[in-house]
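Just below is one structure, and these are the notes that go with it.
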Amino acid sequence: MPLSSPPDRSVEIAANLAHIRRRIADAAERAGRPAGAVTLVAVSKTVPAAAVLAAIAAGQMHFGENRVQEASEKFPALRDAGATLQLHLVGGLQTNKARDAVRIAEVIESLDRPRLADAIANAIERAGRAPALLVQVNVGDEPQKSGVPRPEADAFIEACMERFGASLRGLMCVPPEGADPAPHFRWLAERGRRHGLPVLSMGMSADFETAIACGATHVRVGSAIFGRRP
Ligand SMILES: *Cc1c(COP(=O)(O)O)cnc(C)c1O
């Protein structure tokens, strides 16, 4: 192999995926939850398409991207390769990206403000296609983070349920770094129950087992599968 060719990381990615799936199953079992209660979303932001293909070959179906532009560049070709993919948009979403987001995603996890809800509703009407939607809550009330602030969460969730009906599936959060995430996960789970929403997207590479113990139905794992991002 010439020194200049990129290393083939498929074996490593398949092994990482198998390991994460095992840990997810173990965490679900410890929590007394059925196998298959938790969906793994492989967060592939900044990851080259070849590495995403390796994950697909290893049976991975749900992927997460945080930028609409990058997702639009990577995913159509991957779908053409024949895979049934579920693309989740997990990053803060600009209103002017709502049309593209609705066109390309199966799940938008970052619905967090009325103007974005307006833009998504318009885009759904134009596209004739409605992705599943999650309301992102800023559980740590951090000024720099996306997500509806906690004091406004109930009213916003109710407005979105009314507006989007069954497309509004659940809640998502990214707890503050460096703090115990469990109270934040439990807070989100309680809100999900309160509103009768089935999906809870919470937990990343560092804390997905804690999230599963708190009721996560979807965990978003990037670096533990694909390696550290540049
Ligand atoms: C990057 C990202 C992840 C994955 O983070 P890792 O620590 O690499 O697992 C999950 N959720 C969101 C919203 C992200 O932006």
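A compact table of results
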| read-out | value |
| --- | --- |
| Dipole of the chain, positive direction: furthest Cα of 111, 69, 147, with charges on the beta-carbon | 69 |
| The range 24-62 and the range 123-201: distance between their alpha carbon centers, rounded to Å | 21 |
| Cβ-based charge dipole, the chain, positive-most Cα from 137, 221, 51 | 51 |
| Difference of contour (0.36 nm per residue) and Cα-Cα distance, residue 11 to residue 94 | 26.3 nm |
| Heavy atoms of residue 223 accessible to a 1.4 Å probe, total area in Å² rounded to 10 | 50 |
| Extension gain from residue 163 to residue 141, taking 0.36 nm per residue of separation minus the Cα-Cα distance | 5.4 nm |
| Rounded to the nearest 20 debye, dipole of the chain from Cβ charges on Lys, Arg, Asp, Glu | 240 |
| Per residue value of the accessible surface for the chain (all protein chains in place, 1.4 Å probe), Å² | 49 |
| Among 158, 142, 177: highest mean-square fluctuation, GNM of the chain, C-alpha pairs under 10 Å | 177 |
| Computed E for residue 223/residue 25 - FRET, C-beta separation, R0 30 angstrom, nearest 0.05 | 0.90 |
| By average C-beta atoms within 10 angstrom, highest first, the peptides 30-41, 84-95 | 84-95, 30-41 |
| Percent RCO, i.e. relative contact order, over the chain, from Cα pairs under 8 Å lying at least 6 residues apart | 20 |
| Largest-first principal axis extents of the Cα set of the chain (Å) | 59, 43, 32 |
| Using θ = phi - 60° and Karplus 6.51 cos²θ - 1.76 cosθ + 1.60, couplings along the range 135-144 (whole Hz; Gly, Pro as x) | 7, 8, 10, 7, 5, x, 6, 8, x, 7 |
| Under 5 Å, built H, 5+ apart or other chain: amide partners of residue 38 | none |
| Translational diffusion coefficient (Stokes-Einstein; Kirkwood radius from C-alpha pairs) of the range 87-140 at 20 °C, 1.002 mPa s, in µm²/s | 197 |
| Cut-off 11 Å between beta-carbons: net charge of the residues surrounding residue 50, Lys and Arg +1, Asp and Glu -1 | +1 |
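The values are calculated or read from the model by the stated rules, or taken from the named source; none is laboratory data. Not measured: the values here are computed from a predicted model. Cβ: placed from backbone, ideal geometry, glycine included. Neighbour counts: every protein chain shown. Only protein heavy atoms, including side chains, enter the accessible area calculation; ligands, DNA and RNA are left aside. Shrake-Rupley method; radii C 1.70, N 1.55, O 1.52, S 1.80 Å.
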